[in-house]
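The values are calculated or read from the model by the stated rules, or taken from the named source; none is laboratory data. What you see is a predicted model; the values in this text were computed from it and never measured. Note: ideal-geometry Cβ built from the backbone for every residue, glycine included; neighbour counts use all protein chains shown. Keep in mind that these areas ignore ligands, DNA and RNA; they rest on the heavy atoms of the full protein, side chains included. Shrake-Rupley method; radii C 1.70, N 1.55, O 1.52, S 1.80 Å.
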Amino acid sequence: DYVVVKMIPDNRLPPRHLHSVHTGKTFAVIKWESPYDSPDQDMLYAVAVKDLVRKTDKIYKVKSRNSTVEYTIKKLEPGGKYHVIVQLGNMSKESSMKINTVPLSAPDALKIITENDHILLFWKSLALKESNFNESRGYEIHMFDSLMNITAYLGNTTDNFFKVSNLKIGHNYSFSVQARCLYGGQMCGEPATLLYDELGTGKDSSASKSGRATDVAAIVVPVLFLLLVTLGIGFVVLYMRHRRLQNSFTAFANSHYSSRLGSAIFSSGDDLGDEDDEAPMITGFSDDVPMVIA
């Protein structure tokens, strides 16, 4: 014997396993499961999104018969903070979670140019890679003094450069540039940071690195050039000596006894080298001069 029991669905239960699947700059994908397995009819959910920064609320309605429901919340702001509540349309028990959207990216190519009594910060426009950024929002600049261990807010600008003055010799500074924070500093962009190693040199770390590379190149290149020139001269000298020795040897080998003149003729000292310039030339032996052999 057996009996079939069908449980009465309790629509007062909250959605189960509410969590975030993916979070971007302006959207968030959330997922949850129905209050009970295998619903036999469409279930209406209320998704409430509370903006914790702006203090505003939005409610979305989602209808589904699936046991697992996935929903994308759109029109969010980069770097925002939100409280999401999901419950059945009859205002049953709720499930909630918090979401932080991805902030705007940091500006690219942050560089420092040193002037006589100040420095200039330069960076690329953030609007080139962030469609959600408007130049009218601007940027804000911060400075950290590692020697004094303090951080200072230098100001904001809608340009892509900023002038910094009154830097102290011997101090190391770190500068950061980011999209200007909104609503009391709660919605900011990612900062781009660059170290400025003053130390009386008036150059930032990146400039000093490039300067060191330039100095090394300025030393290595002339040395290599001189080595190449020296090797070239050495090869030329060796080649000339080889040719000279070869010519001297040829001249010596061509010296022979002339039967026509009846004398032995040797090459002159000019062909054999400078060492024999003073040596007299041997002209030969006459037939009417007696030879004395000791």
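Listed values, structure above:
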read-out: Unmet criterion (only one of (1) surrounded by fewer than 18 Cβ atoms within 10 Å (Cβ to Cβ); (2) assigned by the TED database to the domain that holds residue 193; (3) in a loop (DSSP other than H, G, I, E, B)) for residue 133; value: (1)
read-out: Boolean, residue 25 is open to solvent by 80 Å² or more (accessible area, probe 1.4 Å) and either touching a helix residue (DSSP H, G or I) at 6+ places or on another chain (Cβ under 6 Å) or modelled with pLDDT under 95 (or both); value: no
read-out: Every residue from the range 147-174 that is touching a Ser or Thr at 6+ places or on another chain (Cβ under 7 Å) and in contact (Cβ under 8 Å) with a residue 24 or more places away in the chain; value: 160, 172, 174
read-out: Boolean, residue 78 is within 30 Å of residue 194 (Cα to Cα) and surrounded by 15 or more Cβ atoms within 10 Å (Cβ to Cβ); value: yes
read-out: Only listed residue being of a type outside the set (D, E, K, R), part of a loop (DSSP other than H, G, I, E, B) and closer than 30 Å to residue 133 by Cβ, chosen from 14, 78; value: 78
read-out: Enumeration of residues in the range 114-129 that are part of a strand (DSSP E or B) and either surrounded by 14 or more Cβ atoms within 10 Å (Cβ to Cβ) or in contact with an Asp or Glu (Cβ under 6 Å, 6 or more places away or on another chain) (or both); value: 114, 119, 121, 122
read-out: Failed criterion for residue 118 (all others in (1) closer than 24 Å to residue 181 by Cα; (2) modelled with pLDDT under 90 hold); value: (1)
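This table checks each residue for (1) more than 30 Å from residue 21 (Cα to Cα); (2) touching a helix residue (DSSP H, G or I) at 6+ places or on another chain (Cβ under 7 Å); (3) at pLDDT 90 or above; (4) in a loop (DSSP other than H, G, I, E, B).
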residue: 86; (1), (2), (3), (4): no, no, yes, no
residue: 103; (1), (2), (3), (4): no, no, yes, yes
residue: 142; (1), (2), (3), (4): yes, no, yes, no
residue: 152; (1), (2), (3), (4): yes, no, yes, no
residue: 155; (1), (2), (3), (4): yes, no, yes, no
